[in-house]
Amino acid sequence: MRPPEEPGAAPTRCGYVALIGAPNAGKSTLLNRLVGHQLAIVTPKAQTTRNRLLGIAIEGLAQIIFVDTPGIFAPRRRLDRAMVAAAWSGAEDADQVMLLVDSSRGMDHDTRQILDRLAKREHNSILALNKIDLVSRASLLGLADAFSREGRFDPVFMISGLKGDGIENVKRHLAGVLPVGPWLFPEDQLSDAPQWTIAAEVTREQVFLQLHEELPYASTVETERWEERPDGSVRIEQVIYVQRTGQRAIVLGEGGQRIKAIGARARAKLEHMLDRRVHLFLFVKVRQGWVDDRERFKALGLDYDI
Ligand SMILES: Nc1nc2c(ncn2[C@@H]2O[C@H](COP(=O)(O)OP(=O)(O)OP(=O)(O)O)[C@@H](O)[C@H]2O)c(=O)[nH]1
Ligand SMILES: [Mg+2]
């Protein structure tokens, strides 16, 4: 329940907290854990997230607006550059920046580049050493030491987004430091993403999980139709775009087996998320060179000057 705004009562707080880090650091897993809902897609492959996504949590009197961002890495393609631009713009607009590090990887090249840029910020950042379930206590302390020497971090958390360790401490801390002010979103709102975007992401998650090598990186998914049915079910039509004809054949698979499997898993997940029957229709189309075509990213909401 939203607290009553009585005179003399403790003030409400509200602010944005950007989760940034190298690809695969666990940002999207953490966002889902902090919000308590599966909003962002998660896969074992790097560069899963392509755009910013808000996840909104309430902690006491504070509304904490977490910003999931794409992993920051040395970009090559235009799409990659737009993704990295989206990540930094998420950080620049936020009240607090939280750098996530995969503790089992430690200080890798991408994280070092991020540290260099964070050093130019006026404020301290928060450090979250993530995936602590994978490392020993001793190496964790060594890592905390190394990062404290390299940057201005306050505080430092040791967490596991996957298992949930340390998550409450993070929320409690943020609830105390965000700016005093009214909540910016209705109390029951979990994200800024419309359902049709989240539905496209659910299918893209399956593309990442079920296809390999360059294919996940050559594919994008758009929801083209969303039709509410009188019986309470929903009919969703989506297109998986790939870059070349040969890729289309792989996404379809022999006798259409692969696209069937992608659709089946995505549909099951959508039914769970939407809590109703879903009729999912997937089409695969070729859109040559879309990863270098800025107009295409605009359609995905990735509108950055690159
Ligand atoms: N063991 C362990 N694995 C984790 C943890 N957090 C995330 N992972 C795994 O790490 C992989 C990447 O997680 P994501 O949440 O997609 O990482 P990300 O930082 O959002 O990745 P990008 O969107 O590609 O930048 C997945 O296989 C997760 O299950 C953790 O705390 N412990
Ligand atoms: Mg992600």
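The values are calculated or read from the model by the stated rules, or taken from the named source; none is laboratory data. Predicted, not measured: the structure shown is a model, and the values here were computed from it. With ideal geometry, Cβ positions are generated from the backbone for all residues, glycine too; neighbour counts draw on all protein chains shown. What goes into the accessible areas is simple: the full protein's heavy atoms, side chains included, and nothing from ligands, DNA or RNA. Shrake-Rupley method; radii C 1.70, N 1.55, O 1.52, S 1.80 Å.
Summary table
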{"item": "Surface share of carbon and sulfur [accessible, 1.4 angstrom probe, percent] for region 12-133", "result": "44 percent"}
{"item": "Set K131/K163; K27/K171; K120/K298; K27/K163 screened for pairs whose C-alpha atoms are more than 19 Å apart", "result": "K120/K298"}
{"item": "Over 17 Å [Cα-Cα, region 1-82], rounded percent", "result": "53 percent"}
{"item": "Zero-based 5 Å bins, Cα pair distances in region 28-171, whole percents", "result": "2, 9, 18, 23, 24, 16, 7, 1, 0"}
{"item": "Nearest-ten-degree value, helix 137-150 long axis tilted from longest Cα axis of the chain", "result": "80 degrees"}
{"item": "Estimated 222 nm signal from helices in the chain, with DSSP H stretches of n ≥ 4 weighted -39500 (n - 2.57), rounded to 500", "result": "-11000 deg cm²/dmol"}
{"item": "Surface/4 of the Cα convex hull for region 112-205, nm²", "result": "8.9 nm²"}
{"item": "Efficiency of FRET from Cβ geometry, V156 and D133, R₀ 22 Å, rounded to 0.05", "result": "0.80"}
{"item": "Region 54-81 residues near the modelled V180 label - backbone nitrogen below 18 Å, point 7 Å along Cα→Cβ", "result": "60-64"}
{"item": "At 1.567 mPa s and 4 °C, Stokes D of the chain from Kirkwood alpha-carbon radius, µm² per second", "result": "63 µm²/s"}
{"item": "The chain - accessible surface per residue (Å², probe 1.4 Å)", "result": "48 Å²"}
{"item": "Sequence-separation-based contact order of the chain, relative, with Cα cut under 8 Å and 6+ spacing, percent", "result": "19 percent"}
{"item": "Ordering of 104-116, 176-188 by packing [mean C-beta count within 10 Å, highest first]", "result": "104-116, 176-188"}
{"item": "Gap separating the Cα centres of region 2-63 and region 96-136, nearest whole Å", "result": "17 Å"}
{"item": "Computed E for Q288/R121 - FRET, C-beta separation, R0 41 angstrom, nearest 0.05", "result": "0.55"}
{"item": "Relative packing of peptides 120-128, 26-34 - highest average C-beta neighbours within 10 Å first", "result": "26-34, 120-128"}
{"item": "Other-chain or far-sequence residues with amide H under 5 Å of L162's (modelled H)", "result": "K131"}
{"item": "Lysines whose Cα lies under 18 Å from that of K285, excluding same-chain neighbours fewer than 8 positions away", "result": "K260"}
